[in-house]
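The values are calculated or read from the model by the stated rules, or taken from the named source; none is laboratory data. Every value quoted in this text rests on a predicted model; they were computed, and no experiment measured them. Here the Cβ positions follow ideal geometry from the backbone for every residue, glycine too, while neighbour counts run over all protein chains shown.
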Amino acid sequence: MQLSGVSKALLVAGMCLSTGMMLARAIAVDGISERARQLHFSSIVIDTHDDTTQRFFDPGFDLGARNALGSIDIPRMKEGGFGAIFFSIWIPSKITGPEAVKRALSQFDAVHEQVRKHSNDLILVTTAEGIREAHKQGKIAALIGVEGGHMIASDLAVLRRYASLGARYMTLTHSGNAEWADSSTAKSEHNGLSEFGKDVVREMNRLGMIVDVSHVSDKTFADVLEVSKAPVFASHSDCRAICDAPRNMTDDMIRALAAKGGVIQVNYHVGFLSQEFRNAEKAHPEWDKAIALEVRKRCGDRQGCQLIEGDRVTREYVLRGDLPRVEWTKIIGHIDHAVKIAGIDHVGLGSDFDGANMPFGMEDASKLPRITNALLEKGYSEGDVKKILGENTLRVMAEVERVGHELNAAK
Amino acid sequence: MRQVRVSLIACLLVAGFLFCQVATGDDIADRAKKLHFSTIVLDTHDDTTQRFFSKDFDIGKRNPDGHIDIPRMREGGMNAIFFSIWIDGRIMGPAAVQKALDQIDAVHENVNKYSKDMAFCRTAEEVRRAHAQGKIAALIGVEGGHMIGNDIRVLRMFGDLGVRYMTLTHFYNDEWADSSTAKPEHNGLTDFGKQVVREMNRQGIMVDISHVSDKTFYDALEVSKAPLIASHSSCRALCNHVRDMSDDMIKALAAKGGVIQINYEKSFIDQAYKDASDKLTGGVVAMMDEFKKECGDNDDCMNKKMNEMTEKATAEGKLPHVSWERIIDHIDHAVKLVGADHVGLGSDFDGANMPEGMDDVTHLPQITEALMRKGYSDEDLRKILGGNLLRVMEQNEAVSREMRAAQ
């Protein structure tokens, strides 16, 4: 499949040389059809989860220049037709209390500063309308998501101020439990959401912040659906029916999320996309340790470097034949499964770029038009593709904003 | 001066309110009232924020204690207020940051709650707009650089949350700036402290030099590209307190376009009171420490204790009476020194001992009238009441725009 792709590309390249630019635009070397290109670059493409924020602390990283490593920078976002990106605020979940707050603020600042620095290309927005406006101006809308409720230090005042600094969603937990919510990857402590956890969800509703159920335990998810007055989303999760990882969602969960008007934003991480990859990882826990060690050797404590090198070292294992090779088309498999389960209105994109191990063919933001191309080839209508690329997320945002206004007015 | 007050009271007692109005209701009183209630009256320092955490306090209602609430601000014609974000200067690092966020949040939440009466403002233009809409402009000042947790990034986020000035220190030294009430550690501003000042310039956050040591003041003056403010300090020439400013300092501040916002605290405006108070309590820091033992972190309790103590000591004759007219003396001294463009009001309401006759914000129109009687022009009065501070805010905003554009 990969070989035929290459030979097709070579053939097309030859045709381009002989027939000139017009044809080159019609079928480019990357195999994206003109129809897909037109659709992709006229749509609002939203990615709800990118860990690029960590890289802002790396003095060698320039968001404005094309970088050899990692997946996200402005040139590659433009090439990939990004209309909006959620920069993730993240610190390890074992850091809690005031220390977590201070570090989170540093990351808010890093995002704000990058947007200020690259104000010709980026604009900080907080609403669905803001994303549409940015799209009209030809700018990439920058938004903020907080990945882990531990960063509010059990303090609703802190949550509210994050909202005023632009946070538009908060993932209730990361890999560890928050003081008030269970994670999918830790031992249950709170039987889902604690009473305070429910208050957090209610306050998020009032603030017009999207409640993000990626990372949380199944019980936390069920509690959130019961408490939340607004639709919720999973900012970066896949389908458990295809790859049985606790970070992914069962068909029932996806249906329940959709019934509430929410969206599952498909994650491109190979360990969530591919059961085969996950099995191989589980069969060799020693590799995981070896990879972590190697990353530490290369990066020390530098979080941004760790995320990038984690992806690189893992790929070295794949190239050696230790870990299975996962193709980008797996992403399409998850999108398609979720659409079949929950309908076209409830699926979107949450890459996890710069924070996960990317499949072959989806190494960075520039590769995104492939998704549009593949969905069209699968027979999705242009309207359907637009929904997946961003319109579903915009709908959820607008609805969450509306509920927020309503709750504030009723107070 | 005190006799004036006594005769006023006598007037009230003997002839009743109406007669009193007539007796003092001369042309100047009317003109002063008209001016006061038509202009922007801005106070750069109020510690009311601490009261937001007390269950008994509701800023929307008239409170029997304290100095500030919406009904009394309306009555006193105060239509722009800087709510102070303050925690004990010995709390540092991440804990200080979170506590500061809690207080910033409390201001925002209270403004949201009373959005019919108050509007949150970040710029001079927004203050003017709020005034035009008949709303009280609410602004935020952070009282003490220790709250940024030694992190420029946190400072910037404070700016984004609407903080419009930061006092570089409180009673204790920061990690990067010396306070006027602590032993010098940094010989003024450290290099990082200078970086903080530059970043404040870039953010359009006014640099407040109240509380800082004289050396820190001169360092800040040298580094800052924008005019500075003293958000709540009085004149050392009239009351020799380290928290006040010497004539030279006031001149230097004014030469750079800045403004001294006169503080109403008794021990900052009256030498006899200051001397007696020092003898009695060992100075303001020692006194606060003593109350802290009883009150812990409850700042509302601290204020109450402080007021009770001073009232009792005054009644017992251990502390002298201080008339509100000392405030006028300080304003007048500063104006004579540097002109009417560089003086304003920074009461320290809800955070200090008010002189007699300035029991709360409702007494504010007295200041306008007293200055008018002294011959101050309407224009000068408007400047002192708020215009000067708005000018400094605008200059800070302009410097911020320039610095960001030059980046």
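Considering only the range A:177-196, I want to know if a residue exists there that is within 14 Å of another protein chain (Cβ to nearest Cβ) and under 19 Å from A:Gln107 (Cβ atoms). No, the range A:177-196 contains no residue that is within 14 Å of another protein chain (Cβ to nearest Cβ) and under 19 Å from A:Gln107 (Cβ atoms). Restricting the range A:216-245 to residues that are among the hydroxyl-bearing types (Ser, Thr, Tyr) and in a loop (DSSP other than H, G, I, E, B) leaves a set whose member that is surrounded by the most Cβ atoms within 10 Å (Cβ to Cβ) is A:Ser237. For the range B:74-100, filtering for residues that are surrounded by 18 or more Cβ atoms within 10 Å (Cβ to Cβ), in contact (Cβ under 8 Å) with a residue 12 or more places away in the chain and in a helix (DSSP H, G or I) leaves 6. Considering each residue of the range A:106-121 in turn, at least one proves to be more than 14 Å from chain B (Cβ to nearest Cβ) and modelled with pLDDT of 95 or more. The lone criterion from (1) away from every other protein chain (no Cβ under 14 Å); (2) assigned to a loop (DSSP other than H, G, I, E, B) left unmet by A:Arg168 is number (2).
Per the listing B:Ser400, B:Ser347, the residue uniquely more than 14 Å from chain A (Cβ to nearest Cβ) and crowded, with 18+ Cβ neighbours inside 10 Å is B:Ser347.
Checking each residue in the range B:259-293 for being in contact with a strand residue (DSSP E or B) (Cβ under 6 Å, 6 or more places away or on another chain) and either closer than 13 Å to B:Asn353 by Cβ or among the small types (Gly, Ala, Ser) (or both) picks out no residue at all.
Looking at A:Val158, is it over 26 Å from A:Met249 (Cα atoms) and surrounded by 24 or more Cβ atoms within 10 Å (Cβ to Cβ)? Criteria not met by A:Val158. Listed by position, the helices (runs of 4 or more DSSP H) contained in the range A:356-411 that have at least 1 residues being in contact (Cβ under 8 Å) with a residue 40 or more places away in the chain and out of contact with any helix residue (DSSP H, G or I) (no Cβ under 8 Å at 6 or more places or on another chain) are A:369-377, A:392-410.
Listed conditions (1) under 23 Å from B:Trp86 (Cβ atoms); (2) in contact with a helix residue (DSSP H, G or I) (Cβ under 8 Å, 6 or more places away or on another chain); (3) at pLDDT 90 or above are all met by B:Asp329, apart from (1). Condition (residue is within 14 Å of chain B (Cβ to nearest Cβ), closer than 27 Å to A:Arg202 by Cα and of a type outside the set (Val, Ile, Thr)) applied to the range A:77-98: is it met by at least one residue? Within the range A:77-98, one or more residues are within 14 Å of chain B (Cβ to nearest Cβ), closer than 27 Å to A:Arg202 by Cα and of a type outside the set (Val, Ile, Thr).
Here A:Gly81 meets the list (1) at pLDDT 95 or above; (2) assigned to a loop (DSSP other than H, G, I, E, B); (3) surrounded by fewer than 20 Cβ atoms within 10 Å (Cβ to Cβ) almost entirely, failing just condition (3). When A:Ala157, A:Ala163, A:Ala134, A:Ala153 are checked against the criterion of being hydrophobic (A, V, I, L, M, F, W, C), more than 9 Å from every other protein chain (Cβ to nearest Cβ) and in contact with a helix residue (DSSP H, G or I) (Cβ under 6 Å, 6 or more places away or on another chain), A:Ala163 stands alone in meeting it.
Residue check: is A:Lys187 basic (Lys, Arg), on the phi < 0 side of the Ramachandran plot and assigned to a loop (DSSP other than H, G, I, E, B)? In short, yes. Looking at the range B:344-366, can you tell me whether even one residue there is within 30 Å of B:Ala95 (Cβ to Cβ), assigned to a loop (DSSP other than H, G, I, E, B) and polar (S, T, N, Q)? Scanning the range B:344-366, I find at least one residue that is within 30 Å of B:Ala95 (Cβ to Cβ), assigned to a loop (DSSP other than H, G, I, E, B) and polar (S, T, N, Q), so the answer is yes.
Beta carbons closer than 8 Å, at least 6 apart along the sequence or on distinct chains, never pair a first residue in the range B:37-50 that is without any contact (Cβ under 8 Å) to a residue 24 or more places away in the chain with a second that is surrounded by fewer than 24 Cβ atoms within 10 Å (Cβ to Cβ) and not hydrophobic (A, V, I, L, M, F, W, C). Only one of the numbered conditions (1) within 22 Å of A:Ile144 (Cβ to Cβ); (2) without any contact (Cβ under 8 Å) to a residue 24 or more places away in the chain is violated by A:Asp301, and that is (1). The residue that is nearest to the other protein chains (Cβ to nearest Cβ), counting only those in the range B:105-115 that are over 9 Å from B:Thr49 (Cβ atoms) and part of a helix (DSSP H, G or I), is B:Asp105.
Contact map, the range A:116-135: residues that are over 22 Å from B:Arg401 (Cα atoms) paired with residues that are in a helix (DSSP H, G or I), Cβ distance under 7 Å, separation 6+ or inter-chain. Pairs shown: A:Thr127/A:Met397; A:Thr127/A:Glu401; A:Ala128/A:Leu394; A:Ala128/A:Met397; A:Ala128/A:Ala398; A:Ala128/A:Glu401; A:Ile131/A:Leu394. Checked against (1) in contact with a Ser or Thr (Cβ under 8 Å, 6 or more places away or on another chain); (2) assigned to a helix (DSSP H, G or I); (3) surrounded by 17 or more Cβ atoms within 10 Å (Cβ to Cβ), B:Val285 passes all but condition (3).
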